[in-house]
1. Looking only at segment B:46-64, count how many residues are surrounded by 15 or more Cβ atoms within 10 Å (Cβ to Cβ) and either assigned to a strand (DSSP E or B) or touching a residue at least 24 places away in the same chain (Cβ under 8 Å) (or both).
2. Among the residues that make up segment C:261-275, is at least one of them at pLDDT below 95 and within 14 Å of chain A (Cβ to nearest Cβ)?
3. When you go through C:184, C:229 one by one, which is the residue that is modelled with pLDDT of 90 or more, outside the structural domain of residue C:25 (by TED's automatic domain parsing) and in contact with a Lys or Arg (Cβ under 8 Å, 6 or more places away or on another chain)?
4. Restricting attention to segment B:86-111, report how many residues are away from chain A (no Cβ under 11 Å) and over 17 Å from residue B:69 (Cα atoms).
5. How many of the residues in segment A:138-176 are more than 30 Å from residue B:75 (Cβ to Cβ), in contact (Cβ under 8 Å) with a residue 60 or more places away in the chain and not aliphatic (A, V, I, L, M)?
6. Which residue, of B:43, B:77, is in a strand (DSSP E or B) and touching a residue at least 12 places away in the same chain (Cβ under 8 Å)?
7. Is segment A:198-209 home to any residue that is in the same structural domain as residue A:239 (by TED's automatic domain parsing), assigned to a strand (DSSP E or B) and not charged (D, E, K, R)?
8. Answer yes or no as to whether residue B:117 is modelled with pLDDT of 80 or more and of a type in the set (Ser, Thr, Tyr).
Amino acid sequence: MFATILELRLVQATLFKNVLEAISDLFSKANFDFSGTGLELQAMDTSHVALVALLLRAEAFNHYLCDRDLSMGLNLADMAKAFRCANNDDIITIKAEEDWSDTVTFTFESPEDGEISIFDFDFVGTNGVPLEIPEFPESEYQAKVRMPSAKFMRICKKLSSFGDSGDRDTVVIISVDKECVNFFTRGKTGTSTIVCRQTQTVDKPKEPTLIEMKEQVSLAFDLRYMNSFSKGSTLSDQVTISLSSNLPAVFEYKIAETGYIRYYMLPRIEEDEMQRITKEDKMQNEVDEMQN
Amino acid sequence: MFATILELRLVQATLFKNVLEAISDLFSKANFDFSGTGLELQAMDTSHVALVALLLRAEAFNHYLCDRDLSMGLNLADMAKAFRCANNDDIITIKAEEDWSDTVTFTFESPEDGEISIFDFDFVGTNGVPLEIPEFPESEYQAKVRMPSAKFMRICKKLSSFGDSGDRDTVVIISVDKECVNFFTRGKTGTSTIVCRQTQTVDKPKEPTLIEMKEQVSLAFDLRYMNSFSKGSTLSDQVTISLSSNLPAVFEYKIAETGYIRYYMLPRIEEDEMQRITKEDKMQNEVDEMQN
Amino acid sequence: MFATILELRLVQATLFKNVLEAISDLFSKANFDFSGTGLELQAMDTSHVALVALLLRAEAFNHYLCDRDLSMGLNLADMAKAFRCANNDDIITIKAEEDWSDTVTFTFESPEDGEISIFDFDFVGTNGVPLEIPEFPESEYQAKVRMPSAKFMRICKKLSSFGDSGDRDTVVIISVDKECVNFFTRGKTGTSTIVCRQTQTVDKPKEPTLIEMKEQVSLAFDLRYMNSFSKGSTLSDQVTISLSSNLPAVFEYKIAETGYIRYYMLPRIEEDEMQRITKEDKMQNEVDEMQN
C-alpha cells in the first residue's frame, strides 16, 4: 500500500456542493492546490474573459492532513455531477496517495444509512492555470458596492429574462454614483433599468446596500458571466463588487471566516457600448427625476 | 421637460401580470388604446384565426390620468418578460409624455425594499389592428356554456396531453346539448371524450356549470388556441363560451366589475372534422347509455 | 346493444396510474390478458433486451367481471397519457363488449365533481408477445438482494447523473458478495462506486438490505433499463434483484398481496465490460480497505 499524502474531511457536504455549483457552469476545469494552509482553486473560462479564485483555509475542514504541496487539474463538470448526488449532510473525505499520482478519491458517506459513494477523478490539464493574479489594492478602485447576494442574483435574473441581444451576449451596464447603482440592459423593443439605492443607515441594518464611490463609473459586462457569478450567493449573504474603468471588476463572496471566492471579469469597452451608455444617461435623468 | 399626457398607477402588479400571461403566448403584438374611460387592447394572432379584446375601465386603476386619446402598438413578448420580473405586490406606473411619442415607460416599485425597475417600450406596428369587432347579440348564439374557468383549463390540459394529430394542430370538438357539454379529441390509438354535466341547482352553487341551449351544436376548434384562452382563468373564476355554427365562438372572462377579456375564434369546418363528429356521435350514444 | 363481456372497477386510479408509469417509458405496447383469475400483462422492449410481466389478481379490483378469456394488445404511450389525466381518487371502469372486438373503454369518474372522461383504445399488434416466460427456480440464482425500492431508485439516479459513455448506453456493473452489493459506473474523467452494505438485523428492521449469496457475482447492465425498472418503487417498498451469470436478471416488486411486477433483463457480456470489472475489482479493494 502507498502512504496517504492528502486526507481532508468535511462533515457536511453542503459547502463543497455550493462551491462546485458556483463555478462549474462557467469553468470546465480548475487547478486545485493543496498546501499546509488550505486549498486554493483557480480557473479561467475558455474565452479568457473571467477568472475565479477560491480559498478554503485548512480550518474550514473538520480534518486536514496535507504532507506536501499538491497541485492537480480536475474536470469540474464531472465533480459537480458527483456532488449533485451527495446529500447535504453526507461526510466527505478527499484522499490522495503517494505514487498513485493520477487520481484523487472523493468519498461520500451518508450518516443515516451508511451508504458510501466513492468517486475516483483522473487528473486533467488546465490550460495555463494557475495564473499569477495580482492583488489589486482596494484604493485603486473607483467604486465599490456591497449588497445582499440574493438581491444581486435576483437582479441578474431579471436582466436575463428581459435582455436580448440576438446572437451576441447580452450586455449589462453597471453605473455607480454616490447614491445608487443602476443595472441597464436592452430587450428587443425596449430597455430595462434596475435602480438600487444606497440603504439609509436607519431602515435596514441587516441587508444593506452600501456604496463607496471615489469617481462615477459606468462599465459594460457580459450578463452570462454575471449570472454565473451570482451563484456565489449560496456561499455568502453579501457580495462586494469593485469597479474601475482600467481594472478587471471583482465580485467577491466571503466564506464565513474560512476563505472567499473571487470572480474577476474584464469589462467590455466598445464604441457600441458607449452609445448605450449615452442612452443610459438619458435613463438616469429620468430616474433622478422620479426620485425628486 | 415634456408634459405628462398619460399616467396610470396600479398598486398591485398582479392584474397586469395576469393579463399579459393570458395573451402574450398567442398574440405577439397588441394595440393599446387609452382614453378617458379606460384601456382597450386588441390583438390578432398571426394566422388570423383568433382575436382578443380586453377592456380595463379607468376604475380598475388606483390612479388614472389620460389627457387625450392615445393609441400605441406594443410588443407583448417583451412586456410579458418585463412583467415576469415584477413581484405581485409591486406598484406599477405607466407613463407617456408629450412629444416623446415613440415610447411608453412602465415602472415597477417594490414597496418592500424600494428597488425600482424601469422599462421603456418602443412603439411597434400592429398589422391591421385595431379591428372593428361587431357586437354579436347574445340571442344569435345557439348555445352558451358558463363553467368554472379552472375546470375549463383542466379540460384543455387533459385534451392536450392526450390529443395527437401528428404535424397538424390537434382538433377538439365541443358539443352542447341540454344537459351536458362534451369535449372530444383523438390520440394515436384511441379517442377521449370529457363529459361535463350541467350542475343541478342544489349540489354546488359556488362553481356551477350552466348551459343555455337553443339548438344542439357541435363545432371543431384548434386545441392550442383553447389552451391559450384558458389562461384567462387567472382573471376570473368563470368562463362563458358562446357557440354558433355560423359565428366566431367567444370565450369571455369578466374582470371583477372593471372589464373583461374576450377571445374570438373561428370554428374549423372541414369534411374531415365532420367525419370525426360522426364518430363522436357514436361516443355520445355511449355516454348517454352510461348516464342511464 | 352488445353484451358486456368484461367489466372491471377500481375505486382509486392510483394503482393503475403507477403501473403505467412503471412500464410505459420502456415498453411501447403490451399484451393484456384478462381471465377469471385476473389481469396478466406482458411486454418486450423494442431491442429485445428487457421484458416485463405484471400480475394483478381479480381481488385487486373492487369489481371484477370477466365472462371469457380476453387477450388484447394496447399502446402503452396512449394509455399512460390518459392515466396522467386521471386524479388519484378517480373511479376507473374498464369495459369491453361482445362483437365490438377492436376497442376497450376506460372511464374515469371524479367522485368530487362528477366529471367523466371516456377513453376508447384501439387494439394494436404486439410483436410476438405474449411469450412463454419460464419460471426460474430461486435455487438457480447465484445471488439475491432485497433492498428498499426507494434506495434502488436513488442509486440508479445517482449513477445516471454521473455515468457517461458518450453515444453508447451507460453500463453499470452490479457486484454482490456476502456483505455488500456494489454499483459501479464510469464518468468522463472518473469512476463512481456506490456501496450498500447488508443491514445488521438490529439497527433498521423496517427497511433492510438483505443479501443471499451462494456465489460472488459481478454483472454488467444497461443503466437506462435499470432506471425504468426503478419506477416500480411506486408499487412496492421493496425490490428483489436476482442475479446469475447464465440467466436473465429479475427485478421484482410485489404489489400488496394482489400481484407483482417483474422485469427481466439480459446482462451484457462483453470483453470491454470484463475489463471494467477488473478495474472495478481495484475499486473493491479500496472499499474493503475503507471498511477495515
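The values are calculated or read from the model by the stated rules, or taken from the named source; none is laboratory data. It should be emphasised that the depicted structure is a prediction, and the values quoted were computed from it without experimental measurement. Note that we place each Cβ from the backbone using ideal geometry, even for glycine, and neighbour counts take in every protein chain shown.
1. Final tally of qualifying residues: 12.
2. No.
3. On the way: C:229 fails: in contact with a Lys or Arg (Cβ under 8 Å, 6 or more places away or on another chain).
Going through C:184, C:229 in turn, the sole match is C:184.
4. Number satisfying all stated conditions: 6.
5. The total comes to 8.
6. Every option except B:43 fails the conditions.
7. Residues of segment A:198-209 that are in the same structural domain as residue A:239 (by TED's automatic domain parsing), as a first pass: A:198-209.
If we keep only those that are assigned to a strand (DSSP E or B) too, we end up with none.
No; the residues of segment A:198-209 include none that is in the same structural domain as residue A:239 (by TED's automatic domain parsing), assigned to a strand (DSSP E or B) and not charged (D, E, K, R).
8. yes
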